[in-house]
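Report on one structure; see the data block that follows.
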Amino acid sequence: MTDPIRTESPRTESIRTEPARTEPILRVRNLYGRIAGQQVVEDVSFDVPGTGVTALLGRNGVGKTSTIRSILGLIERTGEVTFAGSRVDRLPTHRIVQRGVGYVPEDREVFAKLTVTENLRLAERDAHPNRALVEALFPDLVQRRAQLAGTLSGGQQQMVSLARALLNTNRLLLVDEPTKGLSPKIVGEVTEALLAAAATVPILLVEQNLQVIRRLADRVVVLSGGRVVFTGDAADLLDDPELIQRYLGVHSGADPADTTTDAAVPA
Amino acid sequence: MSTLVLLLVTGLGLGALYFLVASGLSLIYGLMGVLNFAHGSFLTVGAFIGWEVSRRLSDGSWWALVAAMLVGALVGALAAAATEFFLIRRLYNRHIEQVLVTVGLALATVALFEGIWGTDPTYVTSPAWLAQTTEILGARIPNNRFLLIALAVLVLVTIVGFLRFTRYGLIIRAGVENRTMVTALGIDVRRAFTVVFAIGGAAAGLGGVLASIYYGYVSAHIGSSLLIFAFIVTVIGGLGSLGGAAIASVLVAVLQQFANFYLGGTGDLAVVLALAAVLLVRPRGLLGAKGSTA
């Protein structure tokens with residue numbers, strides 16, 4: 001087993017040698033979001049390229065989850081959201097998703113009283129959903145297909161949540177804190193699953209775990225106070241301990257005291 | 001002994017009526033968070049139109065009764081779907097407005113029914129067998145109780161089967177738990193809303209025809225008087241729980257019958273006390289979910 005963090009970063013290389021030639025899959029311009037009248041997203045603008053993983057970063061409470069939820073229309077929003085070349089900011093959530101967006105929400109949000117199979121059947125939008133891929137990625141779920149999702153462990157629930165997004169052929173995945181509260185082993189499995197997914201579909205990822213970000217992210221968008229304060233290649237941020245400290249409020253990972261936010265990712 | 005049996009079976013028959021109203025209320029609240037005060041009107045309109053059709057076909061025959069039940073269910077379903085489509089749909093997550101609209105609709109429709117069918121009860125003629133009795137353990141049970149119980153069980157089994165084995169059923173069960181996440185999977189949950197209203201309306205419309213057999217007449221107020229107890233049943237059973245509604249229907253109706261007989265007509269009081277006790281001890285009802293999706 002090699003150290004996944006430093007030795008395997010061809011993804012960052014490839015993005016540098018091939019600058020985004022394609023149109024961004026998602027363009028967000030002047031996005032504002034409100035929850036119960038309170039402004040939680042303020043004038044956010046950024047692009048998600050058509051390949052690779054774009055990490056949406058920032059300290060706790062800066063509005064990362066709210067940004068994702070605004071894009072999907074799950075909270076009241078104004079501004080321009082262009083997905084695959086057409087405006088979607090006036091569409092209801094289910095229409096946006098039907099255009100090819102997979103959503104893995106914060107806290108997983110599996111249907112606790114439905115079985116694993118029912119959770120997955122519900123998520124199937126395509127005529128020929130990719131069940132084989134999901135079964136190969138998450139063999140655990142095959143064994144537990146008749147189990148109620150509410151009785152699964154946090155890691156297994158996250159696999160259900162990821163599987164729901166990976167069953168369909170999507171043009172973009174919105175993945176919100178997929179490793180939150182999971183054991184290091186499961187963090188590794190989730191990371192690998194996302195890495196495999198990223199080979200075929202662009203991902204907008206919200207994540208706190210720096211090791212996971214290093215492993216997955218090609219580009220980063222940093223929010224602070226509800227606004228975008230940094231956009232660029234992942235390496236530009238992640239190789240600069242001072243920027244990490246300033247934008248994310250954590251050290252770069254050398255400090256063993258940071259194990260909560262910078263937990264190890266076994267490969 | 002015979003009194004016990006009579007009270008029990010009559011309680012079950014009345015419980016069947018409560019269930020036919022409460023099942024819809026519970027599903028509608030569970031999925032959409034809508035307290036539908038107009039639900040009694042679906043029952044009443046189903047009963048009136050069901051019997052109008054039946055009367056024109058052939059009074060007192062079995063097939064006229066079957067026609068009345070089918071027409072009642074259909075009219076109830078249409079009335080409910082129309083209510084959802086034209087009134088409630090615009091008001092999701094606006095609970096005060098929903099209550100105002102459904103209460104207003106309930107009051108207006110009762111007045112409308114009185115305008116059309118008059119304020120006096122309209123007596124119905126059902127097949128002769130239903131008015132006869134069958135002796136069980138010494139108790140002479142009116143036969144219509146068996147019809148009520150059998151049909152309520154059939155409705156329960158049908159709805160449970162629908163929820164368990166169809167795609168819409170899956171969407172509804174998921175939506176009761178987490179409506180937002182259902183839309184985030186690309187599903188237009190509003191269609192499921194209309195379906196749930198239609199199912200609830202069909203059960204209520206059928207309940208209207210059966211209630212008029214039970215009472216022997218139809219009146220403009222038949223729905224609203226049953227609705228009160230159906231709401232109590234829904235709360236005791238746990239809002240959103242079909243199984244809870246079924247169990248609570250039987251408990252409430254049997255308790256009501258026994259209290260009426262043994263405690264000097266205090267059935268309604270006993271039901272309200274039972275409601276208070278459940279709310280104190282177990283506020284989410286017998287089988288209610290911990291969190292509410294409303």
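Derivation of every value follows stated rules applied to the coordinates shown; laboratory data play no part. Because the structure is a prediction, the values reported are computed rather than measured. Neighbour counts are summed over all protein chains in view; Cβ atoms, including those assigned to glycine, are modelled from backbone coordinates with ideal geometry.
How big is Rg to Rh over the range B:19-224, alpha-carbon atoms, Rh as the Kirkwood inverse-mean-distance radius?
On the way: Rg = 17.9 Å, Rh = 17.6 Å.
Taking Rh as the inverse mean 1/r over Cα pairs, Rg/Rh reads 1.02.
Give the average over all directions of the projected area of the C-alpha convex hull of chain A, one decimal, in nm². Please report the intermediate quantities before stating the final value.
Values: hull surface 56.1 nm².
Directional mean of the projected Cα hull area for chain A stands at 14.0 nm².
How long is the protein assembly as shown along each principal axis, judged by its Cα atoms, biggest number first, in Å?
If we take the Cα atoms of the protein assembly as shown, the spans are 89, 45, 42 Å.
Work out how far the C-alpha atoms of the range A:43-103 reach from end to end along every principal axis, then list the three figures in whole Å, largest first.
Between the extreme Cα coordinates on each principal axis of the range A:43-103 lie 31, 28, 20 Å.
Report the relative contact order of chain A, percent, no decimals, based on alpha-carbon pairs under 8 angstrom and at least 6 residues apart.
Relative contact order here is 25 percent.
For peptide B:184-195, how many partner chain Cβ atoms fall within 10 Å of a residue's Cβ, on average?
6
Just to compare against my own numbers: the Cα pair-distance distribution for the range B:157-200, 5 Å bins, whole % per bin, please.
Answer for the range B:157-200: a P(r) of 6, 24, 35, 23, 9, 2, 0 percent.
Looking at the square roots a ≥ b ≥ c of the eigenvalues of the Cα gyration tensor of the range A:134-200, which shape do they give, rounded for a/c under 1.5, prolate if a/b is larger than b/c, or oblate? Please report the intermediate quantities before stating the final value.
On the way: a/c = 1.69, a/b = 1.26, b/c = 1.35.
The shape class here is oblate.
Using the 10 angstrom Cβ neighbour count as an exposure proxy, how do A:Thr78, B:Thr180, A:Thr65 rank, fewest first?
Listing A:Thr78, B:Thr180, A:Thr65 from fewest to most nearby Cβ atoms yields A:Thr78, B:Thr180, A:Thr65.
Counting only helical runs of four or more DSSP H residues, what would the 222 nm mean residue ellipticity of the protein assembly as shown come to if each run contributes -39,500 (n - 2.57) and the total is spread over all its residues?
My calculation for the protein assembly as shown gives -17500 deg cm²/dmol from helical runs alone.
Could you list B:Val254, B:Val281, A:Val41, B:Val160 so that the one with the fewest beta carbons within 10 Å of its beta carbon is first and the one with the most is last?
Starting with the residue having the fewest Cβ neighbours, the order is B:Val281, B:Val160, B:Val254, A:Val41.
What ranking do B:Met69, A:Met159, B:Met181, B:Met1 get, fewest neighbouring Cβ atoms within 10 angstrom at the top?
Listed from fewest to most nearby Cβ atoms, that is B:Met1, B:Met69, B:Met181, A:Met159.
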